[in-house]
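Bear in mind that the values in this text are calculations on the coordinates, not laboratory data. Quick caveat, the model's predicted, so the values are computed rather than measured. Cβ atoms come from the backbone with ideal geometry, glycine included; neighbour counts cover every protein chain shown.
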Amino acid sequence: AQSVTQLDSQVPVFEEAPVELRCNYSSSVSVYLFWYVQYPNQGLQLLLKYLSGSTLVKGINGFEAEFNKSQTSFHLRKPSVHISDTAEYFCAVSVGGEYGNKLVFGAGTILRVKS
Amino acid sequence: DGGITQSPKYLFRKEGQNVTLSCEQNLNHDAMYWYRQDPGQGLRLIYYSQIVNDFQKGDIAEGYSVSREKKESFPLTVTSAQKNPTAFYLCASTSFNQPQHFGDGTRLSIL
């Protein structure tokens, strides 16, 4: 069964510093990966997705992620964070195709940006 | 604007009571999903439906029921058999070649 592990439950960082949120997945078949962001008491918003092609994927709000097949990782990065980036971030893998019929989520990483 | 509307935003349940959470979408999406979110556990799939009048159990379906009588609507009933219903519930929808789109959630608490 496919699974997703987010290696950090919380990541504190100062404003304008770089950040990396780590995600590892397990899958024996083609992989389709997503990062979502959730602000307090709201739903999830898609940040970026990897379906195929270039392993470096750029998303909204200045975020990017790199797909690494040999390390089964899909880490999310931002070179300079803002206070407004404070939120919970979820990595997910699609089961059953690119947009499949299911998403399997990691437990989430809370990003806390401090001034 | 197209989107997913979940109502109510906050809901309280008494012991032994069934409650129904509403999810409506005007995106013309075929598939709809219900997730449960607990702190530190991510999102877990309760039920999903890929077409009208058909739905499948997800990973934690016990104590929940759904219906899909219309394409745009996918209500979730939390029954009295669900012993720990306090959680944040999220509805999502998708269609071919599109990522899942989420509503803003319903927070259910026990009185």
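Spin-label model, A:Glu66 to B:Thr20: label points 7 Å out along the Cα-to-beta-carbon direction sit 5.1 nm apart.
Let me know the charge dipole size of chain A about its Cα centre in debye, to the nearest 20, where only the beta-carbon of Lys, Arg (+1) and Asp, Glu (-1) is charged. Kindly include the intermediate steps, with their values, before the conclusion.
Details: 9 positive and 9 negative charges, 36 e Å.
Its charge dipole is roughly 180 debye.
Using θ = phi - 60° in the Karplus curve 6.51 cos²θ - 1.76 cosθ + 1.60, the 3J(HN,Hα) couplings for the stretch B:10-21 round to 10, 9, 10, 10, 8, 4, x, 9, 8, 9, 10, 9 Hz; x is entered for Gly and Pro. Counting Lys and Arg as +1 and Asp and Glu as -1 over every other residue whose Cβ lies under 14 Å from the Cβ of A:Tyr39, the net charge comes to -2.
Go through the stretch B:1-95 and name the trypsin sites (Lys or Arg not before Pro) that are in a DSSP coil and have 13 or fewer other Cβ atoms within 10 Å of their Cβ. Present the calculation step by step, with values, prior to reporting the outcome.
Details: sites: B:Lys9, B:Arg13, B:Lys14, B:Arg36, B:Arg44, B:Lys57, B:Arg68, B:Lys70, B:Lys71, B:Lys83; in loops: B:Lys9, B:Lys14, B:Arg68, B:Lys71, B:Lys83.
Those that pass, being in a loop and sparsely packed, are B:Lys9, B:Lys14, B:Lys83.
Karplus-based coupling profile of the stretch B:87-101, in residue order and whole Hz: 5, 9, 10, 10, 10, 9, 9, 7, 9, 3, 6, 9, x, 5, 10, with θ = phi - 60° in 6.51 cos²θ - 1.76 cosθ + 1.60 and x standing for Gly or Pro.
With each label modelled as a point 7 angstrom along the Cα→C-beta vector, the A:Gln45-B:Lys71 pair spans 2.8 nm.
The simple Förster model, with R0 at 25 Å and r as the Cβ-Cβ distance, assigns B:Ala81 and B:Gln41 a FRET efficiency of 0.75. For the residue pairs A:Lys102/B:Lys71; A:Lys78/A:Lys114; A:Lys49/A:Lys114; B:Lys57/B:Lys83; A:Lys58/A:Lys114, the alpha carbons lie more than 21 Å apart in A:Lys49/A:Lys114; A:Lys58/A:Lys114. Checking every one of the trypsin sites (Lys or Arg not before Pro) in the stretch A:39-115 against DSSP loop status and a limit of 11 other Cβ atoms within 10 Å picks out A:Lys69.
Once you have the Kirkwood Rh of chain B from its Cα pairs, apply Stokes-Einstein at 25 °C and 0.890 mPa s and quote D in µm²/s.
Translational D for this selection: 177 µm²/s.
Which Cα, out of A:Gly96, B:Phe12, A:Gln10, lies furthest along the positive dipole direction of the protein assembly as shown (beta carbon charges, K/R +1, D/E -1)? Checking the options against the dipole of the protein assembly as shown, the answer is B:Phe12.
Distance between the 7 Å Cα→Cβ label points at B:Asn97 and B:Ser7: 3.4 nm.
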